[in-house]
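The values are calculated or read from the model by the stated rules, or taken from the named source; none is laboratory data. Since the model is a prediction, treat every value here as computed from it, not as a measurement. FYI the Cβ positions are ideal-geometry reconstructions off the backbone, even for glycines, and counts take in every protein chain you see. SASA here: full protein model, heavy atoms, side chains in, ligands and nucleic acids out. Shrake-Rupley method; radii C 1.70, N 1.55, O 1.52, S 1.80 Å.
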Amino acid sequence: MGDDHGEEPLAPEARAPWERPLADSTYRERARMRLGREPARRDAPPPPPAAPSSPPPPPPASPPPPTEGAPGEGFDPERTEVIAPVVDEPPISTPPTATPEAVGDTGLTRLALNRNRRRKRLRVAGRVTVALVAVLAFASTGVVWGFVRNTENSFARVDALDTESDDIVDAGGQLGDENYLIVGTDTRAGASGQLGAGTIDDAEGARSDTVMLVHIPADRSRVVAVSFPRDLDVERPECNGWDNGAGAYTDEVYDGAYGDKLNATYALGGPMCLVKVVQRISGLKINHFVGMDFAGFETMVNEIGGVEVCTTSPLEDDLLGPILPVAGRQMLDGHTALNYVRARHVESEGNGDYGRITRQQKFLSALLRGALSNQVLLNPGKLNGFVNAFTRETFVENIDTRSLITLGRSLQNVDAGAVTFITVPTSGTNDWGNEVPRKDDIQAIFRAVIDDAPLPGEERSAPVPTPEAPPAPPAPAQVQALDPREVSVEVSNASGVSGAAATAADTLAVYGFQIVSVGNYTETSTDTLVRFSPGYEAEAATLASSMPGAVLESVPGLGSTVELVLGSSTSADVVTPAGEGTELDATPSRFDEAEAAEIPADLAVVNAGDATCS
């Protein structure tokens, strides 16, 4: 190969490294001196490496070239490559490399290895599932309780309840039960008047167009809703006046009266007067009140997108006109639904009030079925709209969003077939147009409700336990008197003397007896009775020692509570009980067998699980 180099000498950077002349040997020392460093001694040990935490300053980009006349032989600045000075730099750490390991026999069979892999996958899947559930639970809890805080103060409050009334029957047996009195009013004022309720000139104030008592037992196994005809003949107690426009009671007091209509009772004395009347009829302890007018009803139906109902024939009212022009299944909006449940002048139904009540019960049954089919409960928009409308359009006592959510969760396992609607039976009308109540049948209905006895048309998944057989008469039992503070007492009045139970309870409390409740006895009794369940003979004998002439009666189902029944022919005077440890005779003189209430055969019943259209 020929030599292509020309005569001109090549620049240093154009030459190969081995063709380049070496720099002056004293160059590095002079460079260090210019940088302020002392020349390194040949015999000195090398300097230690700089700590990684304080790296040295970066070297200068281009060191200054040596000056002319610098010492050193053979130095030609134009022909010699300038090499940057060496500076102290931290050592470059080499990343560790994985040391290969020998793959040996694990001692497990292929089947065992597959099992281990499956367990590992299941553990991972389980952790993911738990994490997902935790997130969902946290999110749902935050949504629910955030919604609770936003709606809690939206309820309009009203005084309505009388939970210490003597009219409450077997208050001890109703512990844990929830009883809601729901009232739909037809006030002529405001938005309700615009919706067709009428005008103030037609009827001033408000009347209870719909009255329904909803009972939920402590075990949450069923729901019973009892409807009361608006024209039911009732005895009105003494009540304070009610100003519906202001939503408050007045100072005016109205004396009690016979022969009043149920809805007029509300118009005169408001929620509190109505609660007293229904509580006296039913014997139930009403512990929640909900009132709503026409405008609120229409809003709530619209919020959930309407309710589907079925009618076997067209529905036309003489005053409201055509409501459902055709028969069959159809979805009702708020306005149509309101007319559907209000219509009272339907010629084909005969008795307008009972026809209207039946339609109301069927409508609520349809609403319940829709909610249970998740059309509302799993639709946040509909659910929030419904609850907001409910809190905005109702007036309540002892109702809040938190308790409603808790109640709803407790009823999640209740089938629609376990929800029964019953109408209070009547025997026609009197001269004033009032519906005459069948008092014995009504008492039997509410006795069955309190005792959790089966009802016509009810379809509960769990069978109702039958009453226990009465125990055989035992041999005379001698017991020792207890401290009265260990005895829980329920006082019931069968004497016919108003206030007798409350007076006796106050005196017993002075001696230390624990008073659970005070109310009226379900039957009449001439004797004063001390009723107790087997196993509580000492408690019964201690109480009987304070009631001269009392008769001991053994009865199943009372639990640890002893019931004192004040009779009509026995003194209700309370004396000092026997001293603790005194020997007492606890032999019962009577044995009571719980009898199922006889429900009338012609009772009007609607089951919420019945979706037939016939």
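At a glance:
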quantity	calculated
Amide H contacts of Ser525 (H built 1.01 Å from N, under 5 Å, at least 5 apart or other chain)	Ser568
Per-pair calculated FRET efficiency, R0 = 56 Å: Leu603 and Glu486 via Cβ, rounded to 0.05	0.80
Tyr254 accessible area, assembled protein chains, probe 1.4 Å, Å²	60
Length released on extending from Cys613 to Thr250, taking residue separation times 0.36 nm less the Cα-Cα span	125.9 nm
Qualifying lysines (Cα of each under 24 Å from Cα of Lys276; at least 8 residues distant if same chain)	Lys261, Lys285, Lys439
In Hz, Karplus ³J(HN,Hα) per residue of the range 296-303 (6.51, -1.76, 1.60; θ = phi - 60°; x = Gly, Pro)	x, 4, 4, 4, 5, 5, 5, 5
Cα-Cα separations in the range 263-411 greater than 23 Å, expressed as whole percent	46
Built amide H within the under 5 Å cut-off of His288, gap 5+	Asn179, Leu181
Sequence-distant residues sharing a close amide H with Ile599 (under 5 Å, placed H)	none
Net charge of neighbours whose Cβ lies under 15 Å from the Cβ of Asp318, counting Lys and Arg as +1 and Asp and Glu as -1	-2
Ordering of 421-429, 290-298, 319-327, 519-527 by packing [mean C-beta count within 10 Å, highest first]	290-298, 421-429, 519-527, 319-327
For the range 389-406, 3J(HN,Hα) per residue [Karplus equation, 6.51 cos²θ - 1.76 cosθ + 1.60, θ = phi - 60°, Hz, x = Gly/Pro]	5, 4, 5, 7, 10, 10, 10, 9, 9, 6, 10, 8, 4, 4, 5, 5, 5, 4
Whole-Hz ³J(HN,Hα) from phi, Karplus 6.51 cos²θ - 1.76 cosθ + 1.60, for the range 431-437, glycine and proline x	5, 9, x, 7, 6, 7, x
Selection of GluC sites (Glu not before Pro), the range 225-259, meeting DSSP coil and at most 13 other Cβ within 10 Å	Glu238
Euclidean distance of C-alpha centroids, the range 254-295 and the range 390-440, integer Å	13
Computed FRET value (nearest 0.05) for Glu308 with Ser154, which takes r as the C-beta separation and R₀ as 30 Å	0.55
Probe 1.4 Å - accessible area at Arg356, Å² to nearest ten	0
In Å², nearest 10: area of Glu349 left accessible to a 1.4 Å probe	60
